[in-house]
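This report concerns only the one structure given below.
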Amino acid sequence: MAEGQVTRELPLDGRFAGGASVSVRPAGAARRVSLRVPAESVAAVSNSLGVELPTRPGASAQAGARAVLWLGPDEWLVIEEGERYPMADLEGAGVLFAAVDVSHRNTAILVTGPAAADVLNAGCPRDLSLETFPVSACSRTVLGKIEIVLWRMADDAFRVECWRSFSDYAFDFLKDATRGQ
Amino acid sequence: MLLIRCPYCEEERPELEFRHAGEAHIARPENIADISDEEFAQYFFYRDNPKGMAFERWRHMHGCGRFFNAVRHTVTDKFVMTYKAGEPKPVLEEPQEGQSAP
Ligand SMILES: [Zn+2]
């Protein structure tokens, strides 16, 4: 049997774009879960995850290295950047819900800097002013021709979650948008 | 670009996030196996296509994913209101088909 270490390669490893006012770079590996939870199960699932599922539209919640993003009235995206396994934590919830491990379906791009919102607006039609899309806001939306999940992590820092197979397109689109920044 | 209010996201969103999904408030006949071909055709194929206020289903496809209903004026393209799927068809005070647009 062959010996050796298997190392994970992320689709955008080593890529970078940007200038003085913005940087576009891939996020690290993360575990992700697509969650569908009916209202009566929200409390128990929140308990198992260790993060309160936000029920306000467009809200996110964080505890340690784990974040839960509201995507729809009964739908959330869990992102775990630490060592824990959200799927394992959900096992004992004892209530009705659906969880699908989508860790490798998505990859993420971090867009940071004073021009971050402008760069995203090159392909995202949303109003990204702090009044309508404040820090911690999240949403499924579009970037150019693809669907993304956008999450504002700070005034000038966004996380773009996109499907792995679309990640070249997403990165190149954002790279083009950084020209002159 | 049109801004459409999603009743589930509770805010106006750009039209690129949405898909039109046909006429609203069409109930599937409960005795579908018994009705005539003509009655089935009426239910399945025929649509009102009004010039004026139209009741439509829309889906917030690249948002919360939900279907909802909207009242849109087919001449001005103006969205008069949106409401959640399953809520009753609203009674409009605005002038109806054949009258001047608001
Ligand atoms: Zn919505």
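The values are calculated or read from the model by the stated rules, or taken from the named source; none is laboratory data. These numbers were taken from a predicted model, which means no experiment stands behind them. Ideal geometry is used to build each Cβ from the backbone, glycine not excepted, and the neighbour counts take in all protein chains shown. With ligands, DNA and RNA removed, areas are computed over all heavy atoms of the protein, side chains included. Shrake-Rupley method; radii C 1.70, N 1.55, O 1.52, S 1.80 Å.
Observations on the model:
- Counted residues, segment A:139-169 - those being open to solvent by 30 Å² or more (accessible area, probe 1.4 Å) and basic (Lys, Arg): 3
- Of residues in segment B:43-68 being among the hydrophobic types (A, V, I, L, M, F, W, C) and assigned to a loop (DSSP other than H, G, I, E, B), the one farthest from the chain's Cα centre (by Cα): B:64
- Residue within segment B:46-59 that is within 14 Å of another protein chain (Cβ to nearest Cβ) and out of contact with any helix residue (DSSP H, G or I) (no Cβ under 6 Å at 6 or more places or on another chain) present: yes
- Of residues in segment B:60-77 being closer than 27 Å to residue A:147 by Cβ and surrounded by fewer than 19 Cβ atoms within 10 Å (Cβ to Cβ), the one nearest to the ligand (Cβ to nearest atom): B:65
- With respect to the conditions (1) at pLDDT below 95; (2) under 30 Å from residue A:58 (Cα atoms); (3) not polar (S, T, N, Q), residue B:16 falls short on a single one, namely (1).
- Answer residue from segment B:11-39, given it is more than 14 Å from every other protein chain (Cβ to nearest Cβ) and touching a residue at least 40 places away in the same chain (Cβ under 8 Å) and is farthest from the ligand (Cβ to nearest atom) among those: B:25
- Identity of the residue in segment B:1-10, within 13 Å of the ligand (Cβ to nearest atom) and at the interface with another protein chain (Cβ under 7 Å from one of its Cβ atoms), that ends up most open to solvent (accessible area, probe 1.4 Å): B:10
- Hey, residue A:172 touching a residue at least 60 places away in the same chain (Cβ under 8 Å), open to solvent by 10 Å² or more (accessible area, probe 1.4 Å) and farther than 19 Å from residue A:61 by Cα or not: no
- Restricting attention to segment A:9-26, the residues that are surrounded by fewer than 19 Cβ atoms within 10 Å (Cβ to Cβ) and part of a loop (DSSP other than H, G, I, E, B) add up to 10.
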